[in-house]
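> Below you'll find the structure I mean.
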Amino acid sequence: MEIAKRTALITGGASGLGEAAVRQIVKDGGNAVIFDVQQDKGKALAAELGKSVLFCMTDVTKEESVNDSIAKAKDQFGGIHFCINAAGTGWVERTVSKNGPHSLPIFEQIIRLNLLGTFNVASKAAFAMSTNEANEHGERGVIVNVSSTAAFDGQIGQVAYAASKSAVVGMTLPMARDLSGLGIRVVTIAPGLFNTPLLAMLPKEALQALNNSVPFPKRIGEPEEFALLVQQIILNPYLNGEVIRLDGALRMAPK
């Protein structure tokens, strides 16, 4: 689908990979709706990019919050065509440590945000897309979910995070099949190491070690490269039901 004059919802759009996707959508002539709990950052980004961007304070794990934000987006821009689910977080805790078994409430929290939040927004966005007029390819919308290479190469201490991201991978094909009759495509990106605010907090030596761990290009990824893949997924009408690793051929070691 062409991006110009169409509208994308981007969860986690106030920073990191989500912010890069927001900027790419606007660069390509589309409208971007930021779903995030980071109010100051979200409002600042919307103010910077102008009238084609709307910030909606949104808790992706809450049905009422997502429904309200989708309604605001439709009121502002008339419809929803794309959904990029970049909201999520990580956690490090072993299944068993000297403190005992892994915290079940924290495990549930990671699953709720990374998995249930993704499904909550994707399903509701798809419902909104279902009323769009189909284009010449029969398309009504595109959903891009975000997993992680941890879904395949989960490291020590990543049991909750890897479980949540593996489940996003597992949703990809059945969701694409579910929505095929509506002309809505579903693709998942599994990013490796990227230059996000979280990694930027690491010491210089640690960052250099991460750069050296990537086969080629020998560096961590830039958010703009993630955004380019989002763009290419939206533009290519035959790309559907697939999980794409974006990691410079990196395969994570156990630790």
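> Among the residues in the range 205-212, are any closer than 17 Å to T149 by Cα, modelled with pLDDT under 95, out of contact with any strand residue (DSSP E or B) (no Cβ under 7 Å at 6 or more places or on another chain) and not in a helix (DSSP H, G or I)?
Checking the range 205-212: not a single residue is closer than 17 Å to T149 by Cα, modelled with pLDDT under 95, out of contact with any strand residue (DSSP E or B) (no Cβ under 7 Å at 6 or more places or on another chain) and not in a helix (DSSP H, G or I).
> Also, I was wondering about something else. Return the residues of the range 26-44 that are touching a residue at least 60 places away in the same chain (Cβ under 8 Å) and either assigned to a loop (DSSP other than H, G, I, E, B) or within 17 Å of L235 (Cα to Cα) (or both); say none if nothing qualifies.
D28
> Which condition number in (1) of a type in the set (K, R); (2) farther than 23 Å from I3 by Cα; (3) in contact with a Gly (Cβ under 6 Å, 6 or more places away or on another chain) is the one that K62 fails?
Here K62 clears every test but (3).
> Which condition number does C83 fail, the rest of (1) out of contact with any Leu (no Cβ under 7 Å at 6 or more places or on another chain); (2) in contact (Cβ under 8 Å) with a residue 12 or more places away in the chain being met?
Among (1) out of contact with any Leu (no Cβ under 7 Å at 6 or more places or on another chain); (2) in contact (Cβ under 8 Å) with a residue 12 or more places away in the chain, the lone unmet condition for C83 is (1).
> Still on this model: Of everything in the range 76-109 that's buried (at least 18 other Cβ atoms within 10 Å of the Cβ), touching a Ser or Thr at 6+ places or on another chain (Cβ under 6 Å) and not small (G, A, S), which residue is nearest to A21 (Cα to Cα)?
Restricting to residues being buried (at least 18 other Cβ atoms within 10 Å of the Cβ), touching a Ser or Thr at 6+ places or on another chain (Cβ under 6 Å) and not small (G, A, S), the top hit is N85.
> Here is a further query. Within the range 176-205, can you find the residues that are among the aliphatic types (A, V, I, L, M), surrounded by 11 or more Cβ atoms within 10 Å (Cβ to Cβ) and more than 19 Å from the chain's Cα centre (by Cα)?
Hits for the range 176-205 are L182, L202.
> Within the range 89-138, track down each residue that is more than 21 Å from the chain's Cα centre (by Cα), over 30 Å from V159 (Cβ atoms) and touching a residue at least 40 places away in the same chain (Cβ under 8 Å).
Within the range 89-138, T131, N132, A134, N135, H137, G138 meet the criteria.
The values are calculated or read from the model by the stated rules, or taken from the named source; none is laboratory data. Just so we're clear, the structure is a prediction, and the values are computed from it rather than from any experiment. Because the Cβ atoms are built from the backbone with ideal geometry, glycine has one as well, and the counts that use them run over all protein chains shown.
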